[in-house]
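Peer 1: I'd like to ask some things about the structure below.
The values are calculated or read from the model by the stated rules, or taken from the named source; none is laboratory data. Keep in mind that what you see is a predicted model, and the values were worked out from it rather than measured. FYI the Cβ positions are ideal-geometry reconstructions off the backbone, even for glycines, and counts take in every protein chain you see. When the accessible area is computed, the model is the full protein with side chains, heavy atoms only, and any ligands, DNA or RNA have been set aside. Shrake-Rupley method; radii C 1.70, N 1.55, O 1.52, S 1.80 Å.
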Amino acid sequence: QVQLVESGGGLVQTGGSLRLSCAASGTIFSINAMGWYRQAPGKQRELVAAITSGGSTNYADSVKGRFSISRDNAKNTVSLQILSLKPEDTAVYYCNANVRERGYVVSSEYWGQGTQVTVSS
């Protein structure tokens, strides 16, 4: 089994910054893409940013220039640096990883429990 544990959410004012972190642990052979999604009340979960094992990144248009995703392959961690927060960034942020477990050929998707980010105006 694989576990993803997020940290770093909280309440911030408009214009503030946060850094979210996610650590993967368990029977990991390798991790392919890792990413961050968010879900605001009454809305569907959406991709915010993703990063491949090689370091290629992809961002939602709404966060380009403000969010930065990075990962440490040796530590199985992924982080999301968030700048210039806006009220519309308020959501639960979820870590996601495509993981190949030891003894398995295929990879599976895993999710963290989510961390709340609230931006006050």
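Peer 1: Using R₀ = 25 Å, calculate the FRET efficiency as 1/(1 + (r/R₀)^6) where r is the Cβ-Cβ separation of GLU46 and SER84; round to 0.05. Please list the in-between numbers first.
Peer 2: Details: r = 19 Å, r/R0 = 0.75.
Efficiency, rounded to the nearest 0.05: 0.85.
Peer 1: Ignoring everything but the protein chains, give the 1.4 Å probe accessible area of LEU4 in square angstrom, nearest 10.
Peer 2: That residue has around 10 Å² of solvent-accessible surface.
Peer 1: Let me know the whole percent of all Cα-Cα pairs from the chain that are separated by more than 20 Å. Display every interim value, and only then the final one.
Peer 2: Values: 2788 of 7260 pairs.
Summing the P(r) tail past 20 Å for the chain gives 38 percent.
Peer 1: Using modelled backbone amide H atoms (1.01 Å from N, in-plane), which distant-in-sequence or interchain residues come within less than 5 Å of ASN73's amide H?
Peer 2: It is none; the list stays empty.
Peer 1: Could you give the length gained on full extension between SER121 and THR27, defined as 0.36 nm per residue of separation minus the Cα-Cα distance, in nm? Walk me through the numbers on the way to the answer.
Peer 2: On the way: separation 94, 0.36 × 94 = 33.84 nm, distance 4.24 nm.
Result for the pair: 29.6 nm of gain on full extension.
Peer 1: Can you return the lysines within cross-link range of LYS43? Criterion is Cα-Cα under 23 Å, with same-chain partners fewer than 8 residues away left out.
Peer 2: Within the straight-line cut-off, LYS43 pairs with LYS64, LYS86.
Peer 1: Given 0.36 nm per residue, what is the gain on full extension from LYS75 to SER107 after removing their alpha carbon distance, in nm? Mind showing how you got there, number by number?
Peer 2: Working: separation 32, 0.36 × 32 = 11.52 nm, distance 1.87 nm.
Difference between extended and current length: 9.6 nm.
Peer 1: Net charge within 12 Å of GLY16 by Cβ-Cβ distance, Lys/Arg positive one each and Asp/Glu negative one each, not counting GLY16 itself? Numbers along the way, then the final one.
Peer 2: Values: positive: ARG19, ARG66, LYS86; negative: ASP89.
For residues surrounding GLY16, the net value is +2.
Peer 1: How high is the relative contact order of the chain, given as a whole-number percent (alpha carbon pairs under 8 Å, six or more residues apart)? Mind showing how you got there, number by number?
Peer 2: On the way: 309 pairs, mean separation 43.7, N = 121.
Computed value for the chain: 36 percent relative contact order.
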